[in-house]
Each structure stands twice: as structure tokens, then as C-alpha cells.
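Visitor: Here you go, one structure.
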Amino acid sequence: MTDIQQITAPELARRLAAGDPIQLLDVREDWEYAFNRIPGSRLCPMSQLPVWAAELDPAQEYVIYCHHGIRSLHACAYLRSKGFTRLVNLIGGIDAWSHEVDPTVPLY
């Protein structure tokens with residue numbers, strides 16, 4: 001899984017601010033998403049990965065995140081096995097986003 005493209009929180013913030021056409025997928029569970037999230041993200045829980053993966057457009061670029069970046073890395077690997085090629089994992093997950101980009105996003 002080490003060959004999956006990764007992005008830092010500040011780099012993601014720059015890309016979002018520039019209006020890059022990326023879709024943010026949050027693979028945490030409902031209660032985590034309810035607690036905090038990156039604005040504009042779509043909840044796609046790992047527990048339902050095969051269901052929501054079938055609804056995605058393989059041509060779209062996706063930045064996937066979770067709490068610390070481990071579950072999202074696994075989600076990227078799964079999606080890659082299904083033919084997706086434009087996948088990016090957020091290093092450090094929403095925790096890194098809170099520390100490095102937006103301190104108003106609560107930590108847990």
C-alpha cells in the first residue's frame with residue numbers, strides 16, 4: 001500500500017482553496033462524522049465500503065481521510081483493486097487537519 005499517493009493537510013487545503021475538482025470521502029463512522037469533519041466531505045463509512053464504492057465514478061479524483069490515515073489507506077487499496085486510479089490518502093487524517101489547517105475542528 002505504500003505506492004498509494006498521499007497528501008498533507010496543508011497541501012489539501014491549498015488544493016481545495018484553489019478550487020481543484022476533488023471529492024473528499026470520509027471513511028470514518030457516523031458518530032465520528034457527526035463530531036467533526038472537513039467541510040464539503042461525503043461520509044462513506046468503512047463498514048459499508050463495498051456499497052458506496054459501487055456508487056463512485058472511477059474517473060473522479062478522490063481524497064480519502066479518516067481519523068489518523070490508516071483506515072483511509074485501506075480504503076484506497078480496496079478502491080484501487082476495483083480499478084480506481086485517482087486516489088489520494090490524507091496523511092494523518094482529520095487529526096492532522098485539525099492540528100495543521102483548522103484548529104476549530106475538534107480533536108478526539
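FYI, it's all coordinate maths here, none of it is from the lab. Values in this document were obtained by computation on a predicted structure and should not be read as measured data. Positions of Cβ are backbone-derived with ideal geometry, glycine not excepted, and every protein chain shown enters the neighbour counts.
Visitor: Add +1 for every Lys or Arg and -1 for every Asp or Glu among the other residues with Cβ under 13 Å from the Cβ of Q48, and state the total. Walk me through the numbers before you get to the answer.
Guide: Values: positive: R28, R42, R71; negative: D26, E29, D30, E55.
Residues close to Q48 contribute a combined charge of -1.
Visitor: Collect residues whose amide H, placed 1.01 Å from N in the peptide plane, falls under 5 Å from the amide H of E61; neighbours closer than 5 in sequence don't count.
Guide: Counting only residues 5 or more places away or on other chains, the set is Q23.
Visitor: For L43, what residues show an amide H to amide H distance below 5 Å, using hydrogens built from the backbone and excluding near sequence neighbours?
Guide: D26
Visitor: May I ask you to derive the relative contact order of the chain, considering only C-alpha pairs under 8 Å and at least 6 residues apart, and to give it as an integer percent?
Guide: 35
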